[in-house]
Every structure is written in C-alpha cells, then in structure tokens.
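Just below is one structure, and these are the notes that go with it.
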Amino acid sequence: MATPAVAAPPRRVVSLSNCLDVILVHVADRAQIAALSHYAREPQGSTIAALARTLPATWETAEEVLALQPDLVLTSRHSSLPTRNALNRLGVKAALFGVPKTVAESLAQVREVAVLVGHPERGERLVARIEAALAAAAPPPGWRPLKAALYQPNGFSPGGEALIGELMT
C-alpha cells in the first residue's frame, strides 16, 4: 500500500493578526515567517514585541502581502476585509481564524497553526506549556473568587464571555 503524499510545509507565511503572530513565532521556523502584523511590534499590546521587531511586518494591505509572495496567509475575522477579499480573488492560500472565546478554542488554534506550518509537534509542546502555566496559576481549593474588572488599552473591557473571562475565573 502506497503512503499518501504529504503536502510540503509552507515556506513563506504571513500573519495578519497579533494573536496568530504569537502562535506563529512559537511553532514555525524563523525562515518560514515572511511577515507578522504591525501589531506584533507594539510593546503595550504584544507579548512578542522585541522579537517581532527583528522580523518583517505588514500593515495588512494586499499589495504588501502580495509583494512578500506568501504561500500561506494567516488571517482573523479582524483582519482587513478588503485585503482578505483581494487575496481570495488572486488565489493566495489563506487560513481564516475566529476569535477564541475559551481556553479550549485557543489551544485548538495553536494546534491548527502548528499543523498548517508543518510542525504539529511544536504545537503540542506549546499547548503543554500553556496548560502547565494555567495549572500553576489556578487558585487553591476553597479559594473565594474576587470580583475584578479588566481595562485594556483605549478603555476596552472584554467582559466575562471572552477568553479573558475564563482566564480570570
């Protein structure tokens, strides 16, 4: 019985989402990263700002992305719709991700990005690190929950139904 051919991992990946940028730098080879979003470089909103400043970045225009000649573009529902539409019309392979509302959905995204870039084992290692960090941060049995409100840059407050709500709990 013949072994089915496995598609070669992408050689040039562009990310148009800060959340996907973070996953990408942890699971892809540095040489695979053609560009991250410009958001990745912002120290107040990115956990990888210093690293991101050593990699190319894009402002999400279709022209910039096309000039990078990617064989995979990671996008989110918050990525520029005109850019996503242009890439689709031009046949550029893109993966569209939603915004995870739970830890489980977030871990699933880690795994999916890792598979897409050809390194599923790195995704599993990152998931294990995240799960270990969550376990270490969990409150002890019998802990009384505190009330809290989270305010992010520009006065944004995501609310309890967002991923951060689950993390705070």
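The values are calculated or read from the model by the stated rules, or taken from the named source; none is laboratory data. Quantities reported herein were computed from a predicted structural model and do not represent experimental measurements. Here Cβ is always computed from backbone atoms with ideal geometry, including for glycine, and neighbour counts include all displayed protein chains. These accessible areas exclude ligands, DNA and RNA; they are computed on the full protein's heavy atoms, side chains included. Shrake-Rupley method; radii C 1.70, N 1.55, O 1.52, S 1.80 Å.
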### Task
Report the net charge of residues surrounding S17, where surrounding means a beta-carbon distance below 10 angstrom and charges are Lys +1, Arg +1, Asp -1, Glu -1.
-1
### Degrees separating the helix 18-27 axis from the principal Cα axis of the chain, which is the longest one
80 degrees
#### Entry: Neighbourhood net charge (13 Å Cβ-Cβ; Lys/Arg +1, Asp/Glu -1) for E124
+1
### Task
Quick one: order K147, K101 from most to least accessible surface, probe 1.4 Å.
K147, K101
### Task
Express the carbon and sulfur contribution to the solvent-accessible surface of the chain as a percent, rounded to the nearest whole number, probe 1.4 angstrom.
59 percent
### Task
Please work out the average accessible area per residue across the stretch 55-102, using the 1.4 Å probe convention, and give it in Å².
57 Å²
### Message
Sort L150, L87 by heavy-atom solvent-accessible area, probe 1.4 angstrom, most to least.
### Response
L150, L87
### Query
Going by a ≥ b ≥ c, the root eigenvalues of the Cα gyration tensor, does the stretch 15-154 fall in the rounded group (a/c under 1.5), the prolate group (a/b larger than b/c) or the oblate group?
prolate
### Rounded to 10°, Cα long-axis angle of helix 103-116 versus longest principal axis of the chain
20 degrees
### Message
How tilted is helix 120-137 with respect to the longest principal axis of the chain? Cα atoms for both, answer in degrees (0 to 90, nearest 10).
### Response
10 degrees
### Task
Determine, for each peptide in 128-135, 23-30, the mean count of other beta carbons within 10 angstrom over its residues, then list the peptides with the highest first.
23-30, 128-135
### Message
With n ≥ 4 as the cut-off for DSSP H runs, can you work out [θ] at 222 nm for the chain, using -39500 (n - 2.57) per run divided by the number of residues, rounded to the nearest 500?
### Response
-11500 deg cm²/dmol
### Query
How far, in nm, would the chain grow between L90 and R11 when pulled straight, counting 0.36 nm per residue and subtracting the alpha carbon separation?
26.6 nm
